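Q: Starting off with a structure, shown below.
The values are calculated or read from the model by the stated rules, or taken from the named source; none is laboratory data. Every value quoted in this text rests on a predicted model; they were computed, and no experiment measured them. Backbone-built Cβ (ideal geometry, glycine too); neighbour counts: all protein chains shown. Keep in mind that these areas ignore ligands, DNA and RNA; they rest on the heavy atoms of the full protein, side chains included. Shrake-Rupley method; radii C 1.70, N 1.55, O 1.52, S 1.80 Å.
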Amino acid sequence: MSTDRSAGAAPWPGALAISALGAITCFGGMTTAAAAARAGLSRARDLPDLTYVDDDSKESTPAAGSPIVGVTDGFEGAGRLGRMSALAVEELASAADWIHPRRLQCFLALPAMTEDEARLVGESLARALGAPADLVHVHALGHHGTGRALREAAEALRAGRCDHAVVGACDSWVDAVRLQQSVNLGRLKTLNNPVGFTPGEAAVFLLLERPGSAGGGRRAPDALLTDVREESEENNHAADKPLTGRALARLLLATLGQGDRGTLYLDLNGEEFRAADWGMALMRAQSARHLNGWTQEMPAASFGDTGVASSILAAGLATRAFARGYAVGDRALVIASGEGPERLALVIERPRAAAAARGARG
């Protein structure tokens, strides 16, 4: 499937209810994670197994990261991601007691890995859900996998192949192999490299349902997922081409309405290439869209860079903001981009009934 809407990607089929959330982050589950992010907290700590020599002091200094202490200790690779995914989906399942296990499908996005590794993560997830392994669909494609997982979930719901679509993403930059890769590439934030990123890890899941059947038909959903759009950027960091912001600008122009107020959730993580791409996109989009009514949130400031999980994590944070009543406006836009061409946007909205009630209250 092309990631460019103009190249034939099907339009999003319509609003889907976000009925429940599940997560495991450095702050714990989704409720505590959202509260911590709202308070501007960070759990970055020294990683004693990874040190570097400070250019100024010439002393060995530990790098900083945001691991899920007590959960991922001793786990690496597929085992680490499988454990994280299982714990996150267990939180979702405990919150959604109306789920019928035979009317469930699960869609999971992971970082690039071998087919065997992805299968092991999927099997861990299936066991946690108590579901057959063939009902868990794994896409180890980075941010493109997130877009594909969301689209497959929407199609399964639309076609009636399931009543409950559990969609999630899991990633870890604190995993030993990937952590060393980031060090080798000079991407890690250190005293010697202040424009690097702080590694993090997370697994986050959304329960998507048709709006009329959300929560077993017993309550209104906390939020609606109203659009998912993808674009491809030829001039990207991995291709070593000058960043233009064209793909991100197209996403902004397609998803931001005139006069809207809301929150932009950005995956800016401290790296220069991401900031440059976003800055160029703003220059291109500002002339056509007014962003004065939009606030900006950067979850990486609290959780570190959570990689592929960043977009679903932001969607969860936006949903909690609507549920708890502290969201700005009635829309949230999640922007995600990778080192390569993938660019992704998710539109989260306050349910109409809640938005109308909020307007009546003034």
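Q: Can you bin every Cα-Cα distance in the stretch 136-182 into 5 Å intervals starting at zero and give me the percent of pairs per bin, rounded to whole numbers?
A: 5, 20, 22, 18, 14, 9, 6, 5, 2
Q: Calculate, for the stretch 131-279, the solvent-accessible area per residue in square angstrom, rolling a 1.4 angstrom probe over the heavy atoms of the protein chains.
A: 38 Å²
Q: Next question. Please find the FRET efficiency linking Asp55 to Asn292, where r is the Cβ-Cβ separation and R0 is fixed at 45 Å, and quote it to the nearest 0.05.
A: That gives a FRET efficiency of 0.60.
Q: Working from the pairwise distances between different alpha carbons, so that the mean of 1/r is found and then inverted, what is the stretch 1-129's Kirkwood radius in Å?
A: Computed over the stretch 1-129, the radius equals 18.0 Å.
Q: Evaluate the stretch 99-148: find the radius of gyration of its Cα atoms, find its Kirkwood radius, and give the ratio Rg to Rh.
A: Reported Rg/Rh, Kirkwood definition of Rh: 0.99.
Q: Here is a further query. Please report the orientation-averaged projected area of the chain, defined via the convex hull of its C-alpha atoms, in nm².
A: 17.9 nm²
Q: Connecting C-alpha atoms closer than 10 Å in a GNM of the chain, tell me which of Leu313, Leu243, Leu16 has the biggest fluctuation.
A: Leu243
Q: Separate question: In the chain, what percent of the accessible surface is made up of carbon and sulfur (1.4 Å probe, ligands and nucleic acids excluded)?
A: Looking at the chain in its full context, I get 51 percent from C and S.
Q: Using a simple charge model, +1 on the beta-carbon of Lys and Arg, -1 on the beta-carbon of Asp and Glu, nothing else, what dipole does the chain show about its Cα centre, in debye to the nearest 20?
A: So the dipole magnitude of the chain works out to roughly 1700 debye.
Q: Let me know the whole percent of all Cα-Cα pairs from the stretch 39-94 that are separated by more than 14 Å.
A: Cα-Cα pairs of the stretch 39-94 separated by over 14 Å account for 68 percent.
Q: If you scale each eigenvalue of the Cα gyration tensor by 5 and take the root, what three semi-axes come out for the stretch 94-225, rounded to whole angstrom and sorted largest first?
A: Working from the Cα gyration tensor, I get semi-axes of 33, 17, 12 Å.
Q: Going by accessible area, probe 1.4 Å, with all protein chains left in place, what is the ranking of Lys189, Lys58, largest first?
A: Ranking Lys189, Lys58 by accessible area, largest first, yields Lys58, Lys189.
Q: Another question, if that's okay. Once the cut-off is 13 Å, how many percent of the Cα-Cα pairs in the stretch 194-239 end up in the long-distance tail?
A: 75 percent
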